[in-house]
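This report concerns only the one structure given below.
The values are calculated or read from the model by the stated rules, or taken from the named source; none is laboratory data. Bear in mind that the values here come from a model prediction, so they are computed numbers and not experimental data. Positions of Cβ are backbone-derived with ideal geometry, glycine not excepted, and every protein chain shown enters the neighbour counts. Calculation scope for accessible area: heavy atoms of the full protein, side chains included, ligands and nucleic acids excluded. Shrake-Rupley method; radii C 1.70, N 1.55, O 1.52, S 1.80 Å.
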Amino acid sequence: MDTGVGPVLNVLDHGMRPDERSFDGNASAFESLLDRDNPVIYFPPGNYYFKRKPEDISRRVVLLGDSMCAAALVRDYRPASEFEAFIKLVDGPGSRIENLSILTSETSQQGVGLLLEAQADGRSPDYSSIRNVKISHTGGAGNWSIALWLHGAPRRGRQPCGLRAQHVDNVFLFASTSASLDINSVHDAWIVASCYPAGGSTDLVRVNGWRETPCNNIACNLKTAANLQLVNISQSIFMAPAYQAPPPEIPGVKFL
């Protein structure tokens, strides 16, 4: 398999087990792989159940599944808060997440599926990409507060501010109760996403800046989202064919 990066670490060779819900070693095995330099971590088909939150990802990483319909990371624990993230990147510019599902089990509610967050100390997973990814649930009452959150607000008062240069392509978001997609203080992003209320209660896409770190240069193709919330945003383009309300009049923002 050619990743364009280096040798692939197959999780089956490093202690992770698919389709064994009672197995509690997947989080520890995953963390051991994250300790490698610039790891390329490959997930063969199967559901990989996590019985606790894995540590935040603080270096460049490639998470590569067999396909979004075959390989899944499954949260199977109760998050500590409404906004605790299952998979969270806090550093590692140029990281990639591809061909993978991120799911919550039927008994696990709230929290964030995938969070890329700039830090107040300047660290940030800038120039990262998320491609061919589904964030949803396994069924039942499982849900997320936010399926996908791109969060740049903590890095302000320094240059560069916010989260920068994100590429999100062919991403499917389900089972959210607060927002399917939250884009906060992001500069330069290309986003193609489908958002559905199924499994949750909303398909809201929220795009907002925080004071001195507005959102700008966002090109967003929202294939299905019917609800948009835009605050402190400029120089952006939205394609949102399912959006029902008249588009807001925001200087520098176009709707196609």
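Considering only residues of the stretch 38-88 that are basic (K, R) and in a loop (DSSP other than H, G, I, E, B), which is nearest to A179 (Cα to Cα)?
In the first step, residues of the stretch 38-88 are kept if they are basic (K, R); the result is 51-53, 59-60, 75, 78, 88.
From what's left, in a loop (DSSP other than H, G, I, E, B): 51-53, 59-60, 78.
On the way: K51: 25, R52: 24, K53: 21, R59: 27, R60: 27, R78: 19 Å.
Only one residue tops the list, namely R78.
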Practice prompt. Would you please list the contacts, defined by Cβ atoms under 6 Å and residues six or more apart or on different chains, that run from a residue in the stretch 127-154 that is closer than 17 Å to V90 by Cα and aromatic (F, W, Y) to a residue that is modelled with pLDDT of 95 or more and outside any strand (DSSP E or B)?
Written response: Y127/P93; Y127/G94
Discussion item. Against the definition (more than 14 Å from L100 (Cα to Cα) and under 20 Å from the mean Cα position of the chain (by Cα)), how does L34 come out, yes or no?
Written reply: yes
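Of all residues in the stretch 33-55, how many are open to solvent by 60 Å² or more (accessible area, probe 1.4 Å) and either without any contact (Cβ under 8 Å) to a residue 24 or more places away in the chain or closer than 17 Å to G92 by Cβ (or both)? Step through it out loud before you land on a result.
Step one: of the stretch 33-55, the residues open to solvent by 60 Å² or more (accessible area, probe 1.4 Å) are 35-38, 45, 51-52, 55.
This time we only want the ones that are either without any contact (Cβ under 8 Å) to a residue 24 or more places away in the chain or closer than 17 Å to G92 by Cβ (or both), so: 35-38, 55.
Residues flagged as open to solvent by 60 Å² or more (accessible area, probe 1.4 Å) and either without any contact (Cβ under 8 Å) to a residue 24 or more places away in the chain or closer than 17 Å to G92 by Cβ (or both) within the stretch 33-55 amount to 5.
Just for the stretch 134-146: of the residues that are in contact with an Asp or Glu (Cβ under 9 Å, 6 or more places away or on another chain) and either open to solvent by 40 Å² or more (accessible area, probe 1.4 Å) or among the β-branched types (V, I, T) (or both), which one is farthest from S108 (Cα to Cα)?
To start, the set of residues in the stretch 134-146 that are in contact with an Asp or Glu (Cβ under 9 Å, 6 or more places away or on another chain) comprises 137-142, 145-146.
From what is left, the residues that are either open to solvent by 40 Å² or more (accessible area, probe 1.4 Å) or among the β-branched types (V, I, T) (or both) are 137-138, 140-141, 146.
Numbers: H137: 9, T138: 10, G140: 10, A141: 8, I146: 13 Å.
Here the answer is I146.
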Worksheet item: Which of (1) of a type outside the set (D, E, K, R); (2) modelled with pLDDT under 90; (3) loosely packed, with under 14 Cβ neighbours inside 10 Å is the odd one out, the single condition A225 does not satisfy?
Response: (3)
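Among what's in the stretch 163-183 and is in contact with a Gly (Cβ under 7 Å, 6 or more places away or on another chain) and surrounded by fewer than 24 Cβ atoms within 10 Å (Cβ to Cβ), pick the residue that is nearest to R75 (Cα to Cα).
Looking only at the stretch 163-183, we keep the residues that are in contact with a Gly (Cβ under 7 Å, 6 or more places away or on another chain), and these are 163, 174-177.
Restricting the remaining residues to those that are surrounded by fewer than 24 Cβ atoms within 10 Å (Cβ to Cβ) gives 174, 177.
Numbers: F174: 15, T177: 17 Å.
Among residues in the stretch 163-183 that are in contact with a Gly (Cβ under 7 Å, 6 or more places away or on another chain) and surrounded by fewer than 24 Cβ atoms within 10 Å (Cβ to Cβ), the one nearest to R75 (Cα to Cα) is F174.
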Item to complete: Mind listing whichever residues of the stretch 209-256 are closer than 25 Å to R156 by Cα and of a type in the set (F, W, Y)?
Response: W210
Worksheet item: Does the stretch 156-178 include one or more residues that are under 23 Å from I97 (Cβ atoms), touching a Lys or Arg at 6+ places or on another chain (Cβ under 8 Å), in contact (Cβ under 8 Å) with a residue 40 or more places away in the chain and among the hydroxyl-bearing types (S, T, Y)?
Response: no
Item to complete: Name the residue, out of A245, A193, that is modelled with pLDDT of 95 or more and either open to solvent by less than 50 Å² (accessible area, probe 1.4 Å) or not in a strand (DSSP E or B) (or both).
Response: A193
Worksheet, complete the sentence: Quick count over the stretch 99-133, residues being in contact with an Asp or Glu (Cβ under 8 Å, 6 or more places away or on another chain), part of a strand (DSSP E or B) and open to solvent by 20 Å² or more (accessible area, probe 1.4 Å), is 4
Worksheet, complete the sentence: Checked the stretch 176-217 for anything of a type in the set (A, V, I, L, M) and in contact with a Phe, Trp or Tyr (Cβ under 6 Å, 6 or more places away or on another chain); matches are A198
